[in-house]
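To start, the structure itself, in structure tokens.
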Amino acid sequence: MKHWIRLNWIAFQRTLGGIVRAPLSSLLNLLVIAIAAAFPLGFYLLIASAQGVIGKLPVEPQLSVYLRTSVTADEINTLKQHLQADTRLAGVRFIGKDEALKQMQASVGGGDLLAGLTDNPLPDAFVLTAHTDASPESLEALQKELTASSGVDQVQLDSAWARRLQQLIAVGKGLLQIILVLLAVALVLITGNAIRLQILTRRDEIEVAKLIGATNAFIRRPFVYFAAMQGVLGGLLACAIVWGARTWLNPAVEALARSYGQQFSLALADWRVVVVTLVVTTLLCLLGASLAVGRHLRQFH
Amino acid sequence: MIQFQQVTKRYPGGFDAVKQLSFEIQDGELVFLAGHSGAGKSTLLKLIAGIERPTQGAVLVNGQNLARMRRASMPYTRRHIGLIFQDHKILYDRSVFENVRLPLDIIGFDHREAKRRVQAALDKVGLSGKDALNPVSLSGGEQQRLCIARAVVHRPSILLADEPTANLDRDYANDILELFKSFHQVGVTLVISAHDETLMADYGRRILRLKNGQFSA
């Protein structure tokens, strides 16, 4: 055990020796890894931020049916029964004009604005919920049909835009998966190539070491250490890059959100995301290193 | 003990570097290997070190047949052998000290013990005080001494030297041979190859003469 620790300590020192002998190429390689890892990480955080906002929006398509002010209680009842029987609808809720006024007063936050009104200007309304999987076309057909019903003034199709946003997020997620796979492959290739170059520059050392009794493990260890170091440091640097980009962008994004009356800011990577990033980059770098080492060490006997 | 039994080494292309060789070298013996270049001296040394495997026959080193040894066990066998290469194989990207320490790193010596041994080996070959230098700044003779220090630093029981006196003037070559004699005196088995037999004659040891891969009189 002690011997094993010593061998690994020696390998660690040899790794540092390699970095000290070629600091610039090690640094450049680290930057390439960091930038490659920063792309999916940043994109992931962007999507997570957007989803945080959009996730709060209602997903089921809603239709608001506003009735004429002249509507009679009989007409309301007939319509209600008609709507409740409709299988295309998941929910039917009636909001009378009095209730609507109360709701409005509550959301405006004071009676002052409405106190001056002698009459309630709001119409009676139905809020209909369609099934989540209803197609936009069927909803538009429903909207037309309801507009033609007696006593109905206007039918508004709500939350179609929310659905579109959600679909956009789904596209974004698909894109993220593609970016992840491509950059994972890139990371493996980058590390593999870096290790290949290291093996070439250290081929004299490898040859001599093998001749005087080095095991394959002894030869392999510094390269594995190098890859692991690049993975961890590259992952950390990627987090730093994303953090920097977020700090740079956030004021502009917040200002944009405010202009829409929304609270929105880009998410920060929490410690779990950082850990996952480090683990993934390290594993990919190790994979690249082991492929390169396995392939290029066969030429030494 | 080193024992060759009917050893033939055929290189790809059909050239037999060593043909049907049989001989024995006792523990602690100092043997010279003579012959022109291309006679098979280097191949013979490589067969003892397990760098080349025989095409036919058995190579026994300390009772183990290298011809049948698993590749994974070979590194541990090589650690009993010190090698001085014809082309030196010095690493010019590190100091004299780090060159000599390489065999100890491979075995896994602890830092302090390794430092002590490297200093002792450099002392022995007369390079003390030059440990921090880059090997490029050493003379040809000093580079040869550096190779010897690296070959003996882990105290191997067998020392193989391929043309250690080539390209050295007479006095310097004698110094090197004296150095080998001192290893012989402490019980190391030595096999030294050279194409110049006049040097060996002074030492009155056994000489194996090779010609076209076979012993000649």
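The values are calculated or read from the model by the stated rules, or taken from the named source; none is laboratory data. What you see is a predicted model, and the numbers here were worked out from it, not measured in a lab. Don't worry about glycine lacking a Cβ; one is built from the backbone with ideal geometry, like all the others, and counts go over all protein chains shown.
Out of A:LEU256, A:LEU278, A:LEU284, one residue alone is surrounded by fewer than 17 Cβ atoms within 10 Å (Cβ to Cβ) and either more than 14 Å from chain B (Cβ to nearest Cβ) or modelled with pLDDT under 90 (or both). It is A:LEU256. Residues that are without any contact (Cβ under 8 Å) to a residue 40 or more places away in the chain and in contact with a helix residue (DSSP H, G or I) (Cβ under 7 Å, 6 or more places away or on another chain) were ranked within the stretch B:19-52; the one that is farthest from B:MET74 (Cα to Cα) is B:ILE51. Of the residues in the stretch B:186-206, at least one is closer than 25 Å to B:ARG78 by Cα and free of Cβ contacts under 8 Å to residues at least 12 places away in the same chain.
One residue alone among A:LEU187, A:LEU297 is within 14 Å of chain B (Cβ to nearest Cβ) and in a helix (DSSP H, G or I), and that residue is A:LEU297.
Pick from the stretch A:208-222 the residues that are at the interface with chain B (Cβ under 7 Å from one of its Cβ atoms) and either in a helix (DSSP H, G or I) or hydroxyl-bearing (Ser, Thr, Tyr) (or both): which of them is surrounded by the fewest Cβ atoms within 10 Å (Cβ to Cβ)? Walk me through it before giving the result.
Our first condition is that a residue be at the interface with chain B (Cβ under 7 Å from one of its Cβ atoms); within the stretch A:208-222, this holds for A:208-209, A:211-215, A:218.
Within this subset, residues satisfying the condition of being either in a helix (DSSP H, G or I) or hydroxyl-bearing (Ser, Thr, Tyr) (or both) are A:208-209, A:211, A:215, A:218.
Details: A:VAL208: 21, A:ALA209: 22, A:LEU211: 20, A:THR215: 17, A:PHE218: 21.
Across the stretch A:208-222, the extreme among qualifying residues is A:THR215.
Checking every residue in the stretch B:49-57 against the condition of being facing chain A (nearest Cβ under 8 Å) and β-branched (Val, Ile, Thr) gives at least one match.
Taking the conditions exactly as written (surrounded by 15 or more Cβ atoms within 10 Å (Cβ to Cβ), within 12 Å of another protein chain (Cβ to nearest Cβ) and either closer than 26 Å to B:ASN134 by Cα or of a type in the set (A, V, I, L, M, F, W, C) (or both)), does B:LEU66 satisfy them or not? Walk me through how you get there before you give the answer.
Details: surrounded by 15 or more Cβ atoms within 10 Å (Cβ to Cβ): yes; within 12 Å of another protein chain (Cβ to nearest Cβ): no; either closer than 26 Å to B:ASN134 by Cα or of a type in the set (A, V, I, L, M, F, W, C) (or both): yes.
So B:LEU66 fails the test.
Go over the candidates B:ARG150, B:ARG112, B:ARG101, B:ARG116 one by one and state the one that is loosely packed, with under 15 Cβ neighbours inside 10 Å, assigned to a helix (DSSP H, G or I) and within 12 Å of chain A (Cβ to nearest Cβ).
Details: B:ARG150 fails: loosely packed, with under 15 Cβ neighbours inside 10 Å; B:ARG101 fails: loosely packed, with under 15 Cβ neighbours inside 10 Å; B:ARG116 fails: within 12 Å of chain A (Cβ to nearest Cβ).
Sole residue among the options that is loosely packed, with under 15 Cβ neighbours inside 10 Å, assigned to a helix (DSSP H, G or I) and within 12 Å of chain A (Cβ to nearest Cβ): B:ARG112.
Of all residues in the stretch A:223-272, count the ones that are of a type in the set (A, V, I, L, M, F, W, C), in a helix (DSSP H, G or I), more than 29 Å from A:LEU16 (Cβ to Cβ) and in contact (Cβ under 8 Å) with a residue 60 or more places away in the chain. So the answer is 1.
Does A:GLY244 satisfy being within 30 Å of A:TRP4 (Cβ to Cβ) and either within 14 Å of chain B (Cβ to nearest Cβ) or not hydrophobic (A, V, I, L, M, F, W, C) (or both)? Spelling it out, it is not the case that A:GLY244 is within 30 Å of A:TRP4 (Cβ to Cβ) and either within 14 Å of chain B (Cβ to nearest Cβ) or not hydrophobic (A, V, I, L, M, F, W, C) (or both). Residues being more than 21 Å from the chain's Cα centre (by Cα) and closer than 17 Å to A:GLY213 by Cα are entirely absent from the stretch B:121-135.
Results for (1) over 30 Å from A:THR118 (Cα atoms); (2) not assigned by TED's automatic domain parsing to the domain that holds A:THR147, shown as yes or no for each residue.
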site	(1), (2)
A:ILE35	yes, yes
A:PRO40	yes, yes
A:TYR44	yes, yes
A:SER49	yes, yes
A:VAL71	no, no
A:THR78	no, no
A:ALA85	yes, no
A:ARG88	yes, no
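Scoring B:ALA173 on the criteria (1) within 14 Å of chain A (Cβ to nearest Cβ); (2) within 23 Å of B:VAL188 (Cα to Cα) leaves a single failure, condition (1).
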